[in-house]
Structure formats: structure tokens, C-alpha cells
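Some notes on the structure that comes next.
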Amino acid sequence: MTREEARRRIEELRALIRRYDYAYYVLDEPEVSDAEYDALFNELKALEAQFPDLITPDSPTQRVGGAPAEGFRKVRHRVPMLSLDNAFSDEELADFERRIIELAPDIPRPVEYSAEPKMDGLAISLRYEAGRLVEASTRGDGEVGEDVTRNAMTVRAIPLRLMTDTPPAVLEVRGEVFMTHAAFEALNRQQMERGEKPFANPRNAAAGSLRQLDPKVTAERQLSFYAYGWGEADDQVLADTYTDTMARLRQWGVPVNPLLEVVHGVEGMRDYFERMSARRARLAYDIDGVVFKVNSLQWQERLGYTSRAPRWAIARKFPAQEAWTLLEDVIVQVGRTGALTPVAKLKPVRVGGVTVSSATLHNFEEVARKDIRIGDTVIVRRAGDVIPEVVGPVLSKRPPDARPVVPPEKCPVCGSDVIREPGKAVLRCSGGLFCPAQRQRALEHFVSRKAMDIRGLGPKLIARLLEKGWVEHPDDLYHLTCEQLASLEGMGEKSARNLIDAIEASKNTTLPRFLFALGIPEVGEVTAENLAAHFGSLETIMQADAAALEAVPDIGEVVADNIVTFFRQPLNRKVIRGLLEAGVHWPEPVRAEAVADSPFAGRTVVLTGTLHSMTRGEAKARLTALGAHVTNSVSRRTDFVIVGESPGSKARKAEQLGVTMLDERQFLEMLDGSTP
Ligand code: 9MJ
């Protein structure tokens with residue numbers, strides 16, 4: 001290749017890579033696979049190696065870093081990087097608007113605000129001169145930050161040059177560098193594999209990754225970036241409003257949160273806050289609140305700044321999701337399959353609006369790794385609606401008499417030996433259904449909503465039935481009498497009758513529910529559905545060997561082995577026989593020919609939104625019975641997306657990827673055509 005040919009190809013490759021970065025980071029709709037991207041990237045690297053004089057600082061290959069720095073140079077911000085005032089209640093939002101109206105009585109009503117999530121990461125300023133990224137600095141104290149230019153250049157979400165033919169002479173883009181949950185978890189897995197300390201949360205991980213003296217380390221970390229403002233900027237950058245200016249930045253290739261919108265008045269701010277509170281747990285990244293800004297730049301200027309924050313902006317924060325409290329004790333809980341889980345007993349503390357007095361410690365290995373001791377002050381975290389967890393100890397507050405947590409050698413409930421499966425972190429009680437705790441949990445699982453769905457039979461009642469000796473295993477439930485139940489203290493004739501009716505009604509079930517209810521280790525709803533669809537009958541599943549089971553989607557060696565072992569146990573076989581004899585039954589499976597004929601056979605299907613004619617669970621069961629593979633996320637490999645009412649982002653993704661979408665009517669027609 002001549003130098004001229006190389007030059008042309010290099011430019012072509014750079015343009016392609018920039019375009020794909022833009023599609024990925026700004027539009028959130030990848031145009032090519034990772035493999036294709038990597039191939040182009042490698043081709044560019046090879047050409048640049050051959051013609052080093054053609055390398056430019058803004059080539060995508062220059063993102064990999066360079067030699068480690070001695071330390072970070074200090075950078076004085078030309079326009080200070082301010083923080084935001086906080087509001088912790090609706091009243092404080094109303095106060096915010098009241099202040100604005102006092103200072104600017106003629107501002108048009110209702111006041112127009114921008115609204116966007118408050119990213120929980122690390123604030124950064126990116127200076128572009130003539131469209132090229134020339135300097136990146138952290139916020140520091142707002143006046144002076146640290147020069148992290150070479151690190152920032154490794155972040156693929158940060159454009160090295162602005163996508164415009166007429167760039168402003170100067171533009172400082174300000175925003176947040178952050179890490180998604182997925183990137184955070186991948187990083188922590190890697191940290192553990194390398195025997196290094198895991199990061200406590202995505203924000204620390206993002207900050208630690210950007211402030212690496214060796215930019216090569218930063219380059220390995222998957223950091224993201226969203227812009228939410230600017231510092232020094234030519235007038236040509238600015239539109240009339242904040243949201244229009246952000247739209248302009250977005251066009252120039254700068255990532256802007258797609259959840260940015262315009263709202264009106266205090267009502268609009270409250271509504272946005274409620275919506276984001278509800279979405280928070282499902283976002284791919286951490287947010288600690290939402291930010292509202294007076295949208296008009298002219299009115300922003302009129303309102304001005306206090307010494308530390310703009311008067312035209314406010315952060316409506318979520319209640320803190322982490323708190324410190326005393327770890328008073330650690331107890332051991334025995335799960336349905338005998339897993340022994342250490343549970344922290346805490347001095348009650350409010351976290352994210354609820355009082356927490358116990359939290360999971362996951363497993364004993366983790367307790368040892370984090371060196372959590374009884375008597376420690378610990379950090380408790382509640383994320384969304386998940387159960388609270390202990391993040392770790394606050395070592396500076398450890399009292400001298402803090403006691404290590406000792407893993408049990410015997411089951412605390414039945415005294416059986418504790419076993420540890422090779423290569424696994426969990427300890428297990430070896431007592432099986434001899435262990436009352438396992439019996440209790442097995443029954444709780446058997447009656448649960450997605451299993452046999454026996455309403456009105458809660459943990460307390462199950463415990464009493466076990467105590468009385470009336471019930472030992474699930475099949476015994478079907479021999480309870482109304483008189484027996486009515487004789488229990490606090491149980492009236494009527495509730496006894498209702499419970500007997502619920503037990504009776506549960507006899508009419510489905511094969512997947514029945515399989516799930518049995519509580520075979522690691523056989524969840526989806527595996528149960530796949531098993532039922534694949535084999536069609538309980539007898540064939542019970543007779544299947546490991547190899548036959550592994551032919552079922554999602555079933556590997558471990559689960560196949562669990563299933564074989566489960567059905568081999570005489571006690572389990574006896575319970576199953578008891579259940580069938582008591583009258584538990586399910587409809588005949590769909591005939592095999594119908595499956596082969598179905599347009600869903602062998603296809604990958606995703607459900608989104610609400611269907612009117614059936615629950616999502618039923619839709620899934622029917623699809624699985626027709627040989628479809630029902631998954632949760634849309635990708636190029638998805639064949640159909642079934643779109644109900646109020647669909648989520650999956651519908652948007654499907655549209656982007658050109659996946660066939662079916663509405664409920666089309667779905668029902670195709671189902672009907674499939675059933676003989
Ligand atoms: C965050 N952290 O997401 C601002 N921020 O605006 C958003 N921070 C901000 N805006 C002015 N979305 C100063 C800080």
C-alpha cells in the first residue's frame with residue numbers, strides 16, 4: 001500500500017469508528033457488532049504502526065493512553081464548576097420556585113424547567129478548542145481541579161472531536177463520568193480474580209478509574225459519560241434554552257441523557273421526580289436524585305449565582321440509600337435447599353425511608369473476605385425494592401472486642417453436618433427434608449404464587465401445621481380437613497373453609513407450575529417451563545437421564561444432575577405419588593406436531609408491556625409450550641417482540657434493530673393458528 005492509499009484508508013477507518021462510537025454512546029443504538037468494530041480498529045492500528053507519521057492525537061487509537069503520569073497537574077477552571085443546592089422534599093421544591101419568582105417576578109408562568117436524572121459519578125470538564133478535545137479536568141474544589149486529559153481520552157463515550165464542520169473556537173462541556181452497573185460488576189469480578197480489592201460502589205469505581213496515574217488502566221475500564229452543561233463557551237454554542245443547547249451538543253456527538261425533558265411548574269417537577277423514583281431501580285446506572293434547571297438561559301442569567309451554586313437549579317435528592325449502624329449479631333438462616341445464609345441483626349436504622357433491622361450478608365465466604373465482625377459499625381444499603389445488604393465494616397469504628405463471625409459446622413436447626421460443595425461459596429445443611437427448616441421453606445415455596453398458588457397459607461400457619469404434625473410434606477396439605485383447621489387458635493370456621501377451598505382449587509394446575517413447586521434445586525420457573533415444553537409429561541421428565549435433560553434450553557450439567565438426583569430420591573417419588581393420588585392434575589400437553597407447525601417453534605421471543613387476554617406468565621407458558629425460547633432482552637437474534645400496552649424500552653430497541661413486532665391481536669392469531 002502506498003502512503004497515499006494508507007492515508008485515505010486511515011481517514012476512512014477513523015470516520016467509521018467515530019460514527020460507530022456515536023451510534024453506541026450517543027444514540028444508544030449500536031450499528032455494528034463488537035467483532036466488526038474490533039476488526040476496523042485493529043486495521044487502523046496496523047496501518048498507523050506502518051505509517052507512524054500519519055498518527056494524529058485525535059485518532060481513536062490514541063485512546064489507549066501512554067506512559068503513566070507522575071501526578072496530576074492542577075488546572076484552574078476558567079469558569080468555576082459549581083455544585084447544586086439540594087431539596088429533600090416537595091416543600092423544598094416549592095420553596096425553590098418561590099425564590100425564583102421573588103427574584104424574577106416577571107418570569108413567564110408556569111416556569112419552564114429542564115429535568116434530568118442526577119448522575120452519581122464524577123464531575124468533569126472537557127475543553128474543546130476548534131472542535132478538538134484539548135484538556136479534561138476533574139471538578140476538584142470547583143475552582144481548581146486535576147488534569148485528567150489523557151485518562152479522559154481513553155473513555156470511548158467522550159468524543160475526541162466535535163462532529164461539526166464549524167466548531168466553536170472554545171467549548172467546555174461539563175458532565176458526569178460514571179460506570180453502569182454491568183461495567184461495575186464486571187470490574188469487581190475481575191478485581192477479585194486478580195486478588196485485588198473490589199470497589200464499594202460504581203461511583204468509587206468511576207472516580208478510581210478516571211484518576212489512575214496510568215491511563216492504560218483507565219482505558220481498560222468501561223466508563224460512560226453524560227453532559228449536563230458547559231463552562232466557557234462561544235456564543236454560537238448557546239441556544240435560547242438549556243434543553244435546546246443540550247440538543248445541539250448531542251448533535252455534535254456529545255452524549256446527553258435521553259431522559260432529559262422539559263417540565264412545567266412545581267407540579268411538573270414533582271411528577272418527574274415520582275416517575276424517576278419509580279424507574280430508578282431499573283436504570284442501568286446509579287442516580288441519587290433528579291436535577292431541575294430554569295430552562296431559559298436568559299432567565300438563568302437574570303437569576304445568577306450564590307457563592308457556591310446557581311440560583312436557577314436544584315437537585316431533588318432521593319432519601320439516602322446507605323446508612324451506618326451497629327451489627328449486633330449474625331444469625332444463620334436455612335433456605336429451602338439447605339443453603340445456610342448469614343443474616344445481620346442490626347440496631348434499627350432508617351435507610352431510604354424504611355427502618356431496617358436485618359440485612360443479608362450473602363454467604364460466609366463474603367463475610368470473611370470483607371472481614372465483617374459482630375460489634376462492628378457496618379454500612380447498610382437498600383437498593384430499590386431489593387432486600388437490604390451489609391456492604392462492609394467501617395474499620396475506623398471497630399471496637400477492640402469485635403468478634404469474628406464463625407461459620408457453623410452443624411445446621412443450627414436440625415444439627416445435621418454442614419457441607420460445602422466444591423467450588424461454591426455456599427454452605428448447606430445436609431439434613432434434606434429431615435431438617436424442619438428445609439421442610440418449612442419447601443412448603444412455603446410449594447404454596448407460593450408462582451407455584452401452586454395457595455392463598456391464605458402463610459409462613460406462620462405452615463409452622464403451626466408442622467408443629468402439630470399434621471403436615472410434613474406437600475402432599476399432606478391435601479389431606480387437611482376443615483375441622484382440623486378450624487380447631488387452630490385464631491382460625492375461624494370461615495377462614496378454615498376458605499383455605500380448604502384454596503387448597504382444593506390448587507389441584508387444577510399446569511405442569512410447569514407443578515415442576516416449579518417441587519423445589520428442585522436451581523429449577524426456576526423458566527427451567528420448569530422449558531422442561532414441560534420439551535418433554536411434555538411428568539413421567540418422561542422423571543425417566544430422563546442427564547444427557548436427555550441437557551438437550552433442554554438453559555439446562556446444563558449442574559441442573560441436569562440436580563433433576564436426576566431429585567427424582568431418584570424415594571421420598572420425593574413418594575410425595576409426587578401422594579400429590580397425584582390426592583388429585584393434583586394439569587391439562588394434556590400440546591401435541592408435538594402442533595409445535596412443529598407453530599410459527600413460534602424454535603424462535604426467540606420477547607414480551608413487553610401488558611397483555612389484556614392473559615398474564616405475562618401465561619403468554620410465556622404458551623409460547624414455551626409451542627417451542628419458543630422466551631427471553632428478557634431484545635437483540636439481533638430476537639425473532640419476535642410481542643408488544644402489549646405501555647411497552648418499555650424493549651419496543652424501542654426492537655424498532656431500532658428491525659425486529660418483527662406483534663401486537664396482541666396478531667399474537668393471538670398466531671397462537672390460534674398454532675393450536676390444533
Ligand atoms: C448531575 N450530577 O447529574 C448538574 N448533574 O448542573 C446534572 N449535575 C449540574 N446537572 C449545574 N444533571 C451544576 C451541576
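Bear in mind these aren't lab numbers, they're just calculated from the coordinates by the rules spelled out. Just so we're clear, the structure is a prediction, and the values are computed from it rather than from any experiment. When we count neighbours, we look across all protein chains shown, and the Cβ atoms used for this are built from the backbone with ideal geometry, even at glycine.
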query: When the helix-only estimate is applied to the chain (DSSP H runs of n ≥ 4, each -39,500 (n - 2.57), divided by the residue count), what is the mean residue ellipticity at 222 nm, nearest 500 deg cm²/dmol?
result: -11000 deg cm²/dmol
query: How large is the convex hull of the Cα atoms of segment 439-521 per residue, expressed in Å³ as a whole number?
result: 79 Å³
query: Size of the dipole of the chain about the Cα centre, Lys and Arg at +1 and Asp and Glu at -1 on the beta carbon, nothing else charged, in debye to 20?
result: 1360 debye
- prompt: In the P(r) worked out for the chain, what percent of Cα pairs fall beyond 32 Å?
  reply: 64 percent
statement: Of the candidates 657, 646, 454, the farthest towards the positive dipole end of the chain (Lys/Arg Cβ +1, Asp/Glu Cβ -1, centred on the Cα centre) is 454
- request: Given the peptides 616-624, 102-110, arrange them by the average over their residues of other C-beta atoms within 10 Å, most packed first.
  value: 616-624, 102-110
message: Going through the cross-link list 345/460; 620/650; 345/397; 216/424; 347/397, which pairs have a Cα-Cα distance over 24 Å in this structure?
response: 216/424
- line: In terms of the charge dipole of segment 261-418, which places +1 on Lys and Arg and -1 on Asp and Glu at the beta carbon, the residue among 408, 368, 338 farthest towards the positive end is 368
Restricting segment 104-199 to GluC sites (Glu not before Pro) in coil, as DSSP defines it, with at most 12 other Cβ within 10 Å: 143, 196
³J(HN,Hα), Karplus 6.51/-1.76/1.60, whole Hz, each residue of segment 599-607, x for Gly, Pro: x, 8, 4, x, 9, 9, 10, 10, 9
query: In which sequence would 466, 340 go, from the one with the fewest C-beta neighbours within 10 Å to the one with the most?
result: 466, 340
field: Charge dipole magnitude, Cβ of K and R +1, D and E -1 - segment 337-438, Cα centre, debye nearest 20
entry: 320 debye
- prompt: About its Cα centre, what dipole magnitude does segment 542-655 give when the only charges are +1 on Lys and Arg Cβ and -1 on Asp and Glu Cβ, stated in debye to the nearest 20?
  reply: 300 debye
query: How far is the Cα center of segment 165-242 from the Cα center of segment 393-430, in Å?
result: 39 Å
